[in-house]
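The values are calculated or read from the model by the stated rules, or taken from the named source; none is laboratory data. Computed from a predicted model, the values in this text were never measured in an experiment. Cβ: placed from backbone, ideal geometry, glycine included. Neighbour counts: every protein chain shown. Just the protein is used for accessible areas: all its heavy atoms, side chains included, with ligands, DNA and RNA removed. Shrake-Rupley method; radii C 1.70, N 1.55, O 1.52, S 1.80 Å.
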Amino acid sequence: MALYLLFESSSGYSLFHAYGLDEIGQNTEAVRNSVLDLNRFGKVVKLVAFHPFSSALDALNQCNAISEGLMTEELRNFLEINLPKVKEGKKAKFSLGVAEPKVGSQIFEVTKIPCQSNEFVLELLRGVRLHFDKFIKDLKPSDLEKAQLGLGHSYSRAKVKFNVNRVDNMVIQAIFLLDTLDKDVNSFSMRVREWYSWHFPELAKIINDNYLYAKIAKLVENKSDLSETNIPELSELVGDEEKAKEIVEAAKASMGQDLSPVDLINVQQFAQRVINLSEYRKNLYEYLVTKMNDIAPNLASLIGEVVGARLISHAGSLSNLAKCPSSTLQILGAEKALFRALKTKGNTPKYGLIFHSSFIGRASSKNKGRIARYLANKCSIASRIDCFSEVNTSVFGQKLREQVEERLDFYDKGVAPRKNVDVMKVAIESVLNDVTEEDAADGQQIDEPSLKKSKKKKSKGENEDGEPMAVDEPNQVTDAEPETEKKKKRQKSEEQQDNAVLDGLNGQDTKQNGIAKKKKKKSHNKPDNDAEAQDVTQEKTKKKTKSKLQDE
């Protein structure tokens, strides 16, 4: 059997014929030894055809198709033109060697060309790749290198731009930055407290909030300049006039030391930096909420934006989180505790990152593991809906949240929750209603197809003159076929019932009953469609009943 090789290069498709395999041997070791020698390898393989790509964009499209295991029209035409034609009903006397098994299966499905991909073919293709510039005339090695470099850059650039996991990497970066900002703001605000407490130590006991403390430290500056005229400004910041008066009274009798103007300027600048970081943290949180509502609305409405973002970042992406089973999602974030428990043969953890959800905090101590397992189940459903659904809606997340609330009531009060099937039916109906309302608002696009469908239904039954169409006759024949099969089944069942009645009349005579049972067994062993055997048994039973009635 002849062997052809399909080689995809950066400059185009090429087809080679491996005709001299007997000279080197038909095993991988022999091919591997002969690959480096061009004089020896050139006697084995020869170029049949070469089809260059028309442009760099065409080369990128062909490369993307090959990487995804698809055959383009250009490749199909190239193979059909240059390979020997196969007659219908006969096996091909050749096979095509390819590097990608997926491409080979696609070629065989579409063109019925037998393909193979094994170590022997891969070694031959390796030799072709090594000496490719020698097989094609007027092709310089530098041109081939430039084409490979350009195609490699464009292919990798397209892969980076094309993100299957939507834009969830923005959520991952945002939650990481939010965590680092929390740590930084906390440490910086503690530094402001410690620094300004040398000047005004009583303020730290009055104001507990770090962001508010930094604002007051920037406003007050020097405690000796603080008087009752500053009470309105302080009351605006604090929100309480009594606290503002308390700050002013504490400043008058403060035990802190005086600071130089340069030190006070540095404290104020650092307090301003803390204020800016706190405000940026608030803006980042709002950004995270909006991104989560766009990417994973159901997960965000079920468990919250921050916890949902932590789950996505820990899993790596939304698709990875959707692939996780609920048991994995339940302990996501508690891997160290899990492996430590497995190593020491102790109790495994009941929850990981989902512990920060409000549901587990509201559950009693004995029900925390149960509600964690139930919540992980609902989170896995919500993540799969967000990952694979084309409609961006949070209805499913709200319904799943209601189910978790009902489960909490069931554990605490014993109120029976609704079934998951009923809840999902209601959610699907509400989503469909929302979609239809949106389509109707966009321009009443739903009414036109419905009118077309109704016209098609009328035209199927009748023509414009009211006569039945001739095209529908084969459909009528096909509809009549199951009716005839039903009639046959009914006739068989009626005949079996008649036989049972006749056999019941013979029940007075034990010997005849035994004979009838034997005949029944024989009739069961025979096929159901044997009509002659059924007629014979019916005639015998009728004769026996008649003779019996005459004797009586």
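Miscellaneous remarks
- The stretch 278-428, accessible area per residue, ligands and nucleic acids excluded (1.4 Å, Å²): 52 Å²
- Segment residue 131-residue 158, extension gain: residue separation times 0.36 nm, minus the distance between their alpha carbons: 6.8 nm
- Using the Cβ-Cβ distance between residue 140 and residue 412 with R0 set to 60 Å, the FRET efficiency works out to roughly 0.15.
- Dimensions (Å) - the stretch 226-341, Cα atoms, principal axes, largest first: 63, 35, 27
- The simple Förster model, with R0 at 45 Å and r as the Cβ-Cβ distance, assigns residue 390 and residue 260 a FRET efficiency of 0.10.
- Between residue 93 and residue 231, residue separation times 0.36 nm minus the direct Cα-Cα distance comes to 39.8 nm.
- Note on residue 80/residue 287: beta-carbon distance plugged into 1/(1 + (r/R0)^6) with R0 of 60 Å gives a FRET efficiency of 0.65.
- Ranking 253, 232, 266 by Cα position along the charge dipole of the stretch 207-277, where only Lys, Arg, Asp and Glu carry charges on their C-beta atoms, puts 266 farthest toward the positive end.
- Listed peptides 184-197, 369-382 by packing density, highest first (mean Cβ within 10 Å): 369-382, 184-197
- Overall, the accessible surface of the stretch 304-372 at a probe of 1.4 angstrom is composed of carbon and sulfur to the extent of 53 percent.
- Simple point charges give the picture: +1 on the Cβ of Lys and Arg, -1 on the Cβ of Asp and Glu, and for the stretch 287-391 a dipole about the Cα centre of about 760 debye.
- Accessible carbon and sulfur surface of the stretch 71-153 relative to its total accessible area, %, 1.4 Å: 52 percent
- Highest mean packing first, where packing is the average number of other Cβ atoms within 10 Å per residue, the peptides 228-239, 114-125 line up as 114-125, 228-239.
- Seen from residue 311, the other residues with C-beta closer than 15 Å to its C-beta sum to a net charge of 0, counting Lys and Arg as +1 and Asp and Glu as -1.
- Burial order of peptide ranges 131-143, 400-412 (average beta-carbon count within 10 Å, highest first): 400-412, 131-143
- The modelled label-to-label distance for the pair residue 54/residue 109, using points 7 Å beyond Cα in the direction of Cβ, is 2.6 nm.
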